[in-house]
Amino acid sequence: MSNIHKAFEKGKAFIGFVTGGDPSIEKTEEFILEMAGAGADLVEIGIPFSDPIAEGPVIQRANIRSLAALTTADTLFTLTERLRHKVETPLVFLTYLNPVFNYGYDRFFKQCQETGVDGIIIPDLPFEEQGEVREFSSVYGVDLISLIAPTSEDRIRKIARTATGFLYLVSSLGVTGVRGEISTDLTSIVNSVRAAAELPAAVGFGIHTPVQAAEIAKIADGVIVGSAIVKIIEEHGEDAGSYIYRYVKEMKDAIRT
């Protein structure tokens, strides 16, 4: 079993995302430590990819900056290994199938196990095609985290029954990015998930204000925020650490209440 369950043991979880290597590996490490210090219960680390189809403009630009800085999966494995000596916060990779396939499934998930990566999210991996990847992730104790979209309601039970770690509920159709309003009937989706599995359900895509986070936390077990944090990094660059800390603390405080 991975450490992901620890993220949900003390109440509602705040899950933050950064693109690894943006603007540098050293700064990514600093930003993750700031997030953990501010109360983040789990951190997703994006492995940069040239065609991140689920991402909006903010994270797309972060991928470009990271690739320009020559970030690779190996440099991020080195990062997670260093982080494991400093924090117990669960760490999850978010990437696309192509980088994992090219790295080699067995080699990739063995590296995850050895460097302390608890799980992986692969947005372009359909549920029906997870078997080949799950064969390797399960061997090395790495949770393959499934996404459930608003259009997946008749498939929720099937997805939830085989999921591990937690279930990532997509709040809105489309790509990542902040949204002024989230109108999806999340209560119905969360209820369907809970009827099918005991795994925690966290909601992401579009959440960026404390008010939104508090509302989502009334329904779900966790709140996922990506683009808003990456935007802070885009705006403040290497000086983003203190801004990230304040933002994460404000969001975590919101979901506590």
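The values are calculated or read from the model by the stated rules, or taken from the named source; none is laboratory data. Note that the structure is predicted; figures quoted are calculated from it, not measured. Every residue, glycine as well, gets a Cβ built from its backbone with ideal geometry; the counts of neighbours run over all protein chains shown.
Inspect the range 13-20 for any residue being among the β-branched types (Val, Ile, Thr) and part of a loop (DSSP other than H, G, I, E, B) and give the result as yes or no. Looking for residues that are among the β-branched types (Val, Ile, Thr) and part of a loop (DSSP other than H, G, I, E, B), one finds none in the range 13-20, hence no. Kindly establish whether residue 49 is in contact (Cβ under 8 Å) with a residue 12 or more places away in the chain, of a type outside the set (Val, Ile, Thr) and not in a helix (DSSP H, G or I). Yes, satisfied.
Can you pull out the residues in the range 83-100 that are of a type outside the set (Val, Ile, Thr) and either surrounded by 14 or more Cβ atoms within 10 Å (Cβ to Cβ) or under 11 Å from residue 20 (Cβ atoms) (or both)? The answer is 83, 84, 90, 91, 93, 94, 96, 97, 99.
Taking the listed residues 207, 232, the one that is of a type in the set (Val, Ile, Thr) and without any contact (Cβ under 8 Å) to a residue 24 or more places away in the chain is 232, with no other qualifying. Could we say that residue 216 is of a type in the set (A, V, I, L, M), out of contact with any Ser or Thr (no Cβ under 6 Å at 6 or more places or on another chain), at pLDDT 85 or above and closer than 22 Å to residue 253 by Cα here? Here the answer is yes, as residue 216 does meet what is asked. Go through (1) at pLDDT 95 or above; (2) buried (at least 22 other Cβ atoms within 10 Å of the Cβ) for residue 207 and report which single condition fails. Only one criterion is unmet by residue 207, namely (1).
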